[in-house]
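See below for the structure under consideration.
The values are calculated or read from the model by the stated rules, or taken from the named source; none is laboratory data. Only a predicted model underlies this, so the values are computations on that prediction, with no experimental measurement involved. Reconstructed Cβ throughout: ideal geometry from the backbone, glycine too, with neighbour counts over all protein chains shown. Keep in mind that these areas ignore ligands, DNA and RNA; they rest on the heavy atoms of the full protein, side chains included. Shrake-Rupley method; radii C 1.70, N 1.55, O 1.52, S 1.80 Å.
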Amino acid sequence: MPGDFSLLDSLPADWRSGLFLGRVQTAAGPSPILVANGLTYDMSRVAPTVAQLVEKLPLAPESGEALGPLEDLNLPLLSPVDLQCVKACGVTFALSALERVIEERARGDAGAAAEIRGRLEERVGGSIRAVVPGTEEAAALKAALIEDGLWSQYLEVAIGPDAEVFTKAPVLSTVGLGADIGIRSDSTWNNPEPEVVLIVNAAGSAIGATLGNDVNLRDFEGRSALLLGKAKDNNASCALGPLIRLFDGDYGIDDVRNAEVELTIDGPEGYRLEGVSSMNQISRDPLELVRQTLSEHQYPDGFTLFLGTLFAPVQDRDDPGRGFTHKVGDVVTISTPRLGKLTNTVVTSKDAAPWTFGLTALMTNLATRGLLTVAEKETA
(Lines give C-alpha, C1' and ligand atoms only; values in the text may rest on other atoms or scores of the structure.)
Protein backbone atom coordinates (compact mmCIF):
# COMPACT_ATOMS: atom_id res chain seq x y z
CA MET A 1 0.00 0.00 0.00
CA PRO A 2 1.42 3.43 -0.91
CA GLY A 3 2.93 5.15 2.07
CA ASP A 4 3.88 1.95 3.87
CA PHE A 5 7.66 1.52 3.90
CA SER A 6 10.38 0.41 6.27
CA LEU A 7 13.96 1.44 6.83
CA LEU A 8 15.25 -1.86 5.45
CA ASP A 9 13.15 -1.46 2.30
CA SER A 10 14.72 1.98 1.85
CA LEU A 11 18.35 0.85 2.00
CA PRO A 12 20.45 -0.18 -1.00
CA ALA A 13 20.72 -3.92 -1.61
CA ASP A 14 24.40 -3.96 -0.60
CA TRP A 15 24.01 -1.82 2.53
CA ARG A 16 25.80 -4.38 4.68
CA SER A 17 29.04 -3.85 2.75
CA GLY A 18 28.94 -0.07 2.20
CA LEU A 19 29.95 2.81 4.45
CA PHE A 20 27.17 5.25 5.27
CA LEU A 21 26.72 8.48 7.20
CA GLY A 22 23.46 9.89 8.57
CA ARG A 23 21.61 11.52 11.44
CA VAL A 24 19.17 10.11 13.95
CA GLN A 25 16.91 11.68 16.52
CA THR A 26 17.92 10.40 19.95
CA ALA A 27 16.15 11.20 23.20
CA ALA A 28 18.85 13.81 23.87
CA GLY A 29 18.78 15.38 20.41
CA PRO A 30 20.09 14.87 16.85
CA SER A 31 23.24 12.77 16.50
CA PRO A 32 25.42 11.86 13.51
CA ILE A 33 25.85 8.15 12.84
CA LEU A 34 28.14 5.95 10.79
CA VAL A 35 27.01 2.60 9.43
CA ALA A 36 29.75 0.11 8.60
CA ASN A 37 29.36 -3.60 7.86
CA GLY A 38 25.71 -3.32 8.79
CA LEU A 39 26.43 -1.94 12.28
CA THR A 40 25.44 1.53 13.52
CA TYR A 41 27.58 3.87 15.62
CA ASP A 42 26.57 7.12 17.34
CA MET A 43 29.40 9.52 16.54
CA SER A 44 28.18 12.53 18.54
CA ARG A 45 31.00 12.24 21.11
CA VAL A 46 33.54 12.17 18.30
CA ALA A 47 31.94 14.93 16.21
CA PRO A 48 28.64 16.48 17.33
CA THR A 49 27.50 17.44 13.81
CA VAL A 50 27.59 15.77 10.41
CA ALA A 51 29.57 18.72 9.04
CA GLN A 52 32.30 18.12 11.63
CA LEU A 53 32.21 14.36 11.14
CA VAL A 54 32.78 14.79 7.41
CA GLU A 55 35.95 16.76 8.13
CA LYS A 56 37.30 13.94 10.31
CA LEU A 57 36.91 11.26 7.63
CA PRO A 58 38.29 8.70 7.28
CA LEU A 59 38.00 7.48 10.85
CA ALA A 60 37.12 4.24 12.58
CA PRO A 61 33.37 3.89 13.19
CA GLU A 62 34.27 1.96 16.34
CA SER A 63 35.44 5.24 17.87
CA GLY A 64 31.75 6.04 18.36
CA GLU A 65 29.12 4.41 20.57
CA ALA A 66 27.86 1.10 19.18
CA LEU A 67 24.08 1.10 18.60
CA GLY A 68 23.86 -2.40 17.16
CA PRO A 69 22.74 -3.70 13.76
CA LEU A 70 21.10 -1.13 11.50
CA GLU A 71 18.07 -3.34 11.00
CA ASP A 72 17.39 -3.10 14.75
CA LEU A 73 17.68 0.70 14.87
CA ASN A 74 14.60 2.18 16.53
CA LEU A 75 15.60 5.83 16.30
CA PRO A 76 13.99 8.05 13.63
CA LEU A 77 16.21 8.95 10.69
CA LEU A 78 16.59 12.67 10.04
CA SER A 79 17.88 14.39 6.94
CA PRO A 80 21.51 13.21 6.76
CA VAL A 81 22.98 16.74 6.65
CA ASP A 82 22.98 19.55 9.19
CA LEU A 83 25.33 22.57 8.91
CA GLN A 84 26.11 22.18 5.20
CA CYS A 85 24.79 24.79 2.78
CA VAL A 86 22.13 23.26 0.54
CA LYS A 87 23.00 24.17 -3.04
CA ALA A 88 21.43 22.99 -6.28
CA CYS A 89 22.14 23.10 -9.99
CA GLY A 90 19.33 23.56 -12.48
CA VAL A 91 18.91 22.91 -16.18
CA THR A 92 21.74 20.36 -16.30
CA PHE A 93 19.90 18.07 -18.76
CA ALA A 94 18.68 18.92 -22.27
CA LEU A 95 15.09 17.87 -21.54
CA SER A 96 15.14 19.95 -18.37
CA ALA A 97 16.25 22.95 -20.42
CA LEU A 98 13.38 22.52 -22.85
CA GLU A 99 10.87 22.24 -20.02
CA ARG A 100 12.14 25.43 -18.40
CA VAL A 101 11.80 27.27 -21.72
CA ILE A 102 8.25 25.92 -21.97
CA GLU A 103 7.46 27.21 -18.48
CA GLU A 104 8.82 30.60 -19.43
CA ARG A 105 6.92 30.81 -22.71
CA ALA A 106 3.67 29.49 -21.16
CA ARG A 107 3.98 32.00 -18.29
CA GLY A 108 3.19 29.24 -15.80
CA ASP A 109 0.04 28.12 -17.66
CA ALA A 110 0.08 24.31 -17.89
CA GLY A 111 -2.64 24.37 -20.54
CA ALA A 112 -0.46 26.32 -23.00
CA ALA A 113 2.58 24.13 -22.50
CA ALA A 114 1.79 21.23 -24.88
CA GLU A 115 1.79 23.31 -28.07
CA ILE A 116 4.98 25.13 -27.11
CA ARG A 117 6.65 21.83 -26.19
CA GLY A 118 6.05 20.35 -29.62
CA ARG A 119 7.33 23.42 -31.46
CA LEU A 120 10.51 23.74 -29.37
CA GLU A 121 11.37 20.05 -29.55
CA GLU A 122 11.02 20.12 -33.32
CA ARG A 123 13.46 23.03 -33.54
CA VAL A 124 16.10 22.31 -30.90
CA GLY A 125 15.44 18.88 -29.41
CA GLY A 126 18.13 17.01 -31.29
CA SER A 127 20.73 19.79 -31.37
CA ILE A 128 20.66 20.69 -27.71
CA ARG A 129 21.10 17.09 -26.60
CA ALA A 130 24.32 16.76 -28.58
CA VAL A 131 26.00 20.06 -27.76
CA VAL A 132 28.62 20.41 -25.01
CA PRO A 133 28.04 23.52 -22.84
CA GLY A 134 30.51 26.35 -23.34
CA THR A 135 31.94 25.08 -26.65
CA GLU A 136 32.06 26.76 -30.07
CA GLU A 137 29.24 24.46 -31.16
CA ALA A 138 27.14 25.72 -28.25
CA ALA A 139 27.82 29.31 -29.24
CA ALA A 140 26.76 28.55 -32.83
CA LEU A 141 23.51 26.95 -31.64
CA LYS A 142 22.88 29.98 -29.44
CA ALA A 143 23.30 32.29 -32.42
CA ALA A 144 20.86 30.20 -34.48
CA LEU A 145 18.25 30.18 -31.71
CA ILE A 146 18.54 33.93 -31.22
CA GLU A 147 18.01 34.42 -34.94
CA ASP A 148 14.87 32.26 -34.75
CA GLY A 149 13.59 34.13 -31.70
CA LEU A 150 13.82 31.01 -29.56
CA TRP A 151 16.60 32.01 -27.15
CA SER A 152 15.92 31.90 -23.42
CA GLN A 153 17.72 32.51 -20.15
CA TYR A 154 17.26 28.78 -19.48
CA LEU A 155 19.10 27.83 -22.64
CA GLU A 156 21.88 30.19 -21.57
CA VAL A 157 22.59 28.08 -18.47
CA ALA A 158 21.95 24.84 -20.38
CA ILE A 159 24.59 25.33 -23.09
CA GLY A 160 26.48 28.47 -22.06
CA PRO A 161 29.75 28.49 -20.09
CA ASP A 162 28.15 29.07 -16.67
CA ALA A 163 25.92 26.56 -14.86
CA GLU A 164 22.87 27.60 -12.86
CA VAL A 165 23.71 27.27 -9.17
CA PHE A 166 21.31 28.42 -6.47
CA THR A 167 20.65 27.96 -2.77
CA LYS A 168 17.83 25.47 -2.37
CA ALA A 169 17.11 25.62 1.34
CA PRO A 170 18.36 27.15 4.60
CA VAL A 171 20.76 25.21 6.82
CA LEU A 172 18.92 22.63 8.99
CA SER A 173 15.62 23.00 7.10
CA THR A 174 15.79 19.82 5.01
CA VAL A 175 13.61 16.80 5.82
CA GLY A 176 14.48 13.11 5.68
CA LEU A 177 13.10 9.69 4.88
CA GLY A 178 9.38 9.34 5.63
CA ALA A 179 8.78 13.01 6.36
CA ASP A 180 6.07 15.07 4.68
CA ILE A 181 7.25 17.25 1.80
CA GLY A 182 5.58 20.59 1.16
CA ILE A 183 4.21 22.44 -1.85
CA ARG A 184 2.80 25.95 -1.52
CA SER A 185 -0.95 25.92 -1.00
CA ASP A 186 -1.37 28.54 -3.75
CA SER A 187 0.52 26.55 -6.41
CA THR A 188 -1.47 24.82 -9.15
CA TRP A 189 1.40 23.38 -11.24
CA ASN A 190 4.28 21.68 -9.48
CA ASN A 191 6.34 18.50 -9.46
CA PRO A 192 9.07 16.55 -7.68
CA GLU A 193 12.62 16.66 -8.98
CA PRO A 194 14.39 13.35 -8.26
CA GLU A 195 18.13 13.93 -8.05
CA VAL A 196 21.45 12.57 -6.93
CA VAL A 197 23.00 14.89 -4.35
CA LEU A 198 26.75 15.15 -3.73
CA ILE A 199 28.17 15.84 -0.27
CA VAL A 200 31.19 18.13 -0.50
CA ASN A 201 33.61 18.86 2.34
CA ALA A 202 35.15 22.19 3.31
CA ALA A 203 38.13 21.56 1.01
CA GLY A 204 35.79 21.23 -1.98
CA SER A 205 36.07 17.45 -2.42
CA ALA A 206 33.02 15.30 -3.05
CA ILE A 207 33.05 12.59 -0.36
CA GLY A 208 29.71 10.84 -0.91
CA ALA A 209 26.20 10.98 -2.32
CA THR A 210 22.57 10.64 -1.34
CA LEU A 211 19.15 11.08 -2.95
CA GLY A 212 17.16 14.29 -2.96
CA ASN A 213 13.81 15.76 -3.93
CA ASP A 214 14.17 19.33 -5.18
CA VAL A 215 10.43 20.10 -5.03
CA ASN A 216 9.60 22.68 -7.69
CA LEU A 217 6.65 25.00 -8.37
CA ARG A 218 6.46 25.27 -12.16
CA ASP A 219 3.76 27.94 -12.16
CA PHE A 220 5.80 30.31 -9.98
CA GLU A 221 9.10 29.89 -11.82
CA GLY A 222 7.28 29.95 -15.15
CA ARG A 223 5.82 33.39 -14.42
CA SER A 224 9.27 34.80 -13.74
CA ALA A 225 12.74 33.43 -13.06
CA LEU A 226 12.92 36.07 -10.31
CA LEU A 227 10.39 33.95 -8.41
CA LEU A 228 12.90 31.10 -8.14
CA GLY A 229 13.13 31.60 -4.36
CA LYS A 230 9.37 31.12 -3.93
CA ALA A 231 9.37 28.24 -6.38
CA LYS A 232 12.15 26.36 -4.60
CA ASP A 233 12.42 27.36 -0.95
CA ASN A 234 9.30 26.65 1.09
CA ASN A 235 8.58 24.82 4.32
CA ALA A 236 9.48 21.11 3.93
CA SER A 237 10.26 21.57 0.22
CA CYS A 238 13.65 19.81 0.29
CA ALA A 239 14.07 16.13 1.16
CA LEU A 240 17.35 14.18 1.46
CA GLY A 241 18.16 10.59 2.34
CA PRO A 242 17.92 7.98 3.47
CA LEU A 243 21.69 8.02 4.21
CA ILE A 244 24.84 9.43 2.66
CA ARG A 245 26.84 6.73 0.93
CA LEU A 246 30.50 7.59 1.43
CA PHE A 247 32.91 7.10 -1.44
CA ASP A 248 35.21 4.12 -0.94
CA GLY A 249 36.86 1.43 -3.05
CA ASP A 250 33.47 -0.01 -4.02
CA TYR A 251 31.44 3.16 -4.61
CA GLY A 252 32.64 6.39 -6.18
CA ILE A 253 31.95 9.28 -8.52
CA ASP A 254 31.64 6.99 -11.56
CA ASP A 255 28.69 5.31 -9.85
CA VAL A 256 27.09 8.76 -9.59
CA ARG A 257 27.81 9.47 -13.26
CA ASN A 258 26.07 6.25 -14.32
CA ALA A 259 23.17 6.15 -11.84
CA GLU A 260 19.63 5.45 -13.05
CA VAL A 261 17.34 7.39 -10.73
CA GLU A 262 13.79 6.06 -10.70
CA LEU A 263 10.71 7.95 -9.55
CA THR A 264 7.22 6.75 -8.70
CA ILE A 265 4.29 8.85 -7.59
CA ASP A 266 1.27 7.08 -6.12
CA GLY A 267 -1.72 9.37 -5.82
CA PRO A 268 -4.56 9.05 -3.33
CA GLU A 269 -7.02 8.61 -6.23
CA GLY A 270 -5.13 5.62 -7.68
CA TYR A 271 -3.04 7.66 -10.12
CA ARG A 272 0.49 6.36 -10.72
CA LEU A 273 3.38 8.03 -12.51
CA GLU A 274 6.75 6.47 -13.21
CA GLY A 275 9.89 8.08 -14.57
CA VAL A 276 13.65 7.65 -14.86
CA SER A 277 16.50 10.16 -14.79
CA SER A 278 19.69 8.78 -16.38
CA MET A 279 22.74 10.54 -15.01
CA ASN A 280 24.82 9.54 -18.04
CA GLN A 281 22.79 12.08 -20.04
CA ILE A 282 23.80 15.02 -17.86
CA SER A 283 25.22 17.93 -19.85
CA ARG A 284 27.89 18.92 -17.31
CA ASP A 285 30.00 16.47 -15.34
CA PRO A 286 29.13 16.32 -11.61
CA LEU A 287 32.62 17.41 -10.59
CA GLU A 288 32.42 20.35 -13.00
CA LEU A 289 29.22 21.37 -11.20
CA VAL A 290 31.10 21.16 -7.90
CA ARG A 291 33.84 23.37 -9.36
CA GLN A 292 31.35 25.96 -10.55
CA THR A 293 29.59 25.95 -7.18
CA LEU A 294 32.88 26.64 -5.42
CA SER A 295 33.80 29.39 -7.91
CA GLU A 296 35.14 32.26 -5.76
CA HIS A 297 33.31 31.08 -2.63
CA GLN A 298 34.25 29.20 0.53
CA TYR A 299 32.07 26.74 2.44
CA PRO A 300 33.68 26.17 5.85
CA ASP A 301 30.98 23.63 6.79
CA GLY A 302 30.86 22.06 3.33
CA PHE A 303 27.80 21.87 1.11
CA THR A 304 25.35 19.51 -0.50
CA LEU A 305 24.82 19.82 -4.25
CA PHE A 306 21.71 18.71 -6.12
CA LEU A 307 22.90 17.72 -9.59
CA GLY A 308 19.66 18.31 -11.50
CA THR A 309 17.22 15.92 -13.13
CA LEU A 310 16.27 14.60 -16.54
CA PHE A 311 12.75 13.94 -15.29
CA ALA A 312 10.08 16.38 -16.48
CA PRO A 313 6.54 15.02 -15.91
CA VAL A 314 4.19 15.72 -18.83
CA GLN A 315 1.78 12.80 -18.34
CA ASP A 316 -1.76 14.15 -17.94
CA ARG A 317 -3.28 13.65 -14.53
CA ASP A 318 -6.68 15.30 -14.75
CA ASP A 319 -7.72 17.27 -17.83
CA PRO A 320 -6.13 16.45 -21.21
CA GLY A 321 -3.25 18.80 -21.97
CA ARG A 322 -2.88 19.91 -18.37
CA GLY A 323 0.08 17.64 -17.67
CA PHE A 324 1.09 16.62 -14.16
CA THR A 325 0.78 18.41 -10.86
CA HIS A 326 0.88 17.13 -7.29
CA LYS A 327 -2.11 16.41 -5.11
CA VAL A 328 -2.02 16.33 -1.33
CA GLY A 329 -1.48 12.71 -0.33
CA ASP A 330 0.88 11.80 -3.19
CA VAL A 331 3.54 9.34 -2.11
CA VAL A 332 6.83 10.12 -3.88
CA THR A 333 9.59 7.50 -4.02
CA ILE A 334 12.99 8.27 -5.50
CA SER A 335 15.38 5.33 -5.80
CA THR A 336 18.58 4.04 -7.30
CA PRO A 337 20.09 0.64 -6.42
CA ARG A 338 23.25 1.85 -4.70
CA LEU A 339 21.72 4.74 -2.73
CA GLY A 340 18.40 3.17 -1.73
CA LYS A 341 14.97 4.82 -1.63
CA LEU A 342 13.78 8.21 -0.43
CA THR A 343 10.03 8.19 0.24
CA ASN A 344 7.93 11.19 1.28
CA THR A 345 4.26 12.17 1.31
CA VAL A 346 3.03 15.45 -0.19
CA VAL A 347 1.19 18.02 1.93
CA THR A 348 0.97 21.79 1.66
CA SER A 349 3.82 23.76 3.16
CA LYS A 350 1.26 25.31 5.51
CA ASP A 351 0.27 21.88 6.84
CA ALA A 352 3.77 20.38 7.00
CA ALA A 353 5.42 20.29 10.40
CA PRO A 354 6.81 23.79 11.04
CA TRP A 355 10.57 24.20 10.93
CA THR A 356 11.53 25.21 14.47
CA PHE A 357 14.90 23.53 15.06
CA GLY A 358 17.40 26.02 13.65
CA LEU A 359 20.98 26.97 14.45
CA THR A 360 20.18 28.51 17.84
CA ALA A 361 18.25 25.41 18.89
CA LEU A 362 21.04 23.10 17.70
CA MET A 363 23.79 25.01 19.50
CA THR A 364 21.70 25.15 22.69
CA ASN A 365 21.04 21.41 22.46
CA LEU A 366 24.69 20.54 21.89
CA ALA A 367 25.79 22.80 24.76
CA THR A 368 23.27 21.19 27.09
CA ARG A 369 24.60 17.75 26.14
CA GLY A 370 28.19 18.87 26.71
CA LEU A 371 29.07 18.21 23.07
CA LEU A 372 30.36 21.63 22.11
CA THR A 373 33.58 20.85 23.96
CA VAL A 374 34.30 18.31 21.22
CA ALA A 375 34.35 21.11 18.66
CA GLU A 376 36.31 23.44 20.95
CA LYS A 377 39.10 20.88 21.45
CA GLU A 378 39.24 20.31 17.72
CA THR A 379 39.77 24.02 16.94
CA ALA A 380 42.07 24.76 19.89
* To do: Give, as ranges by residue number, the residues of the stretch 155-174 whose backbone N falls under 17 Å from the point 7 Å along Cα→Cβ of Glu136.
  => 161
* **Around Gly241: net Lys/Arg minus Asp/Glu count, Cβ-Cβ under 10 Å** => +2
* Structure fact -> Computed over the chain: longest principal axis from alpha-carbon atoms vs helix 359-368 long axis, angle to nearest 10 degrees, is 10
* Asked: Taking springs between alpha-carbon atoms closer than 10 angstrom, which of Ile253, Ile199, Ile183 fluctuates most in the Gaussian network model of the chain?
  -> Ile253
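Using just the helices of the chain, give the 222 nm mean residue ellipticity in deg cm²/dmol: DSSP H runs with n ≥ 4 each add -39,500 (n - 2.57), and the total is spread over all residues, rounded to 500. Kindly include the intermediate steps, with their values, before the conclusion.
Values: 12 runs with 104 residues, N = 380.
Helix contribution divided over all residues of the chain: -7500 deg cm²/dmol.
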* Asked: For the chain, modelled as a Gaussian network with Cα springs under 10 Å, which listed residue fluctuates most, Ala179, Ala225, Ala47?
  -> Ala225
* To do: Can you tell me which of 271-283, 334-346 comes out highest on packing, and rank the rest after it, using the mean Cβ neighbours within 10 Å?
  => 334-346, 271-283
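State, as an integer percentage, the relative contact order of the stretch 46-173 based on alpha-carbon contacts under 8 Å between residues 6 or more apart.
Values: 114 pairs, mean separation 43.1, N = 128.
About 34 percent, as a whole number.
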* Got a number for the accessible area of Ile116? Probe 1.4 Å, square angstrom, nearest 10. -> 10
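Test of understanding: what is the full-extension gain from Asp109 to Arg16, defined as 0.36 nm times their sequence separation minus their Cα-Cα distance?
Numbers: separation 93, 0.36 × 93 = 33.48 nm, distance 4.71 nm.
The Asp109-Arg16 span can extend by a further 28.8 nm.
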* Asked: Which of Val332, Val157, Val50 moves the most in a Gaussian network model of the chain with Cα springs under 10 Å?
  -> Val157
* Calculate, in nm to one decimal, what Arg257 and Val276 gain on full extension: separation in residues at 0.36 nm each, minus their alpha carbon distance. => 5.4 nm
* Shape of the stretch 278-318 from its Cα gyration tensor (a ≥ b ≥ c, root eigenvalues): rounded if a/c is under 1.5, otherwise prolate when a/b > b/c, or oblate? -> prolate
* **Percent RCO, i.e. relative contact order, over the stretch 229-320, from Cα pairs under 8 Å lying at least 6 residues apart** => 22
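Please compute the net charge surrounding Arg272, taking Lys and Arg as +1 and Asp and Glu as -1 over other residues with Cβ under 12 Å from its Cβ. Working shown, then result.
Numbers: positive: Arg317; negative: Asp266, Glu269, Glu274, Asp330.
Net of charged neighbours comes to -3.
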* To do: For Lys350, go through the lysines and keep the ones whose alpha-carbon is under 27 Å away, minus same-chain ones fewer than eight residues off.
  => Lys87, Lys168, Lys230, Lys232, Lys327, Lys341
* To do: Kindly work out what percent of the DSSP beta bridges joining two residues of the chain are antiparallel, to the nearest 5.
  => 85
* To do: Quickly rank 75-81, 260-266 as a protection proxy: mean count of other C-beta atoms within 10 Å, highest first.
  => 75-81, 260-266
* Pairing the Cα long axis of helix 136-147 with the longest principal axis of the chain, what angle in degrees results, from 0 to 90 and rounded to the nearest 10? -> 50
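Can you give the relative contact order of the stretch 160-303 as a percent, counting alpha carbon pairs under 8 Å and 6+ residues apart?
Details: 229 pairs, mean separation 39.3, N = 144.
Rounded, it is 27 percent for the stretch 160-303.
What's the local net charge at Gln298, with K and R +1, D and E -1, over the other residues with C-beta under 15 Å away? Don't skip to the answer; put the middle values down first.
Details: positive: Lys87, Arg291; negative: Glu55, Glu296, Asp301.
It works out to a net charge of -1.
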* Asked: In 10 Å bins starting at 0, how do the alpha-carbon pair distances of the stretch 98-237 split up by percent?
  -> 11, 34, 34, 19, 3
* Please state the charge dipole magnitude for the chain, taken about the Cα centre, from unit charges on C-beta atoms (+1 on K and R, -1 on D and E), reported in debye and rounded to the nearest 20. => 560
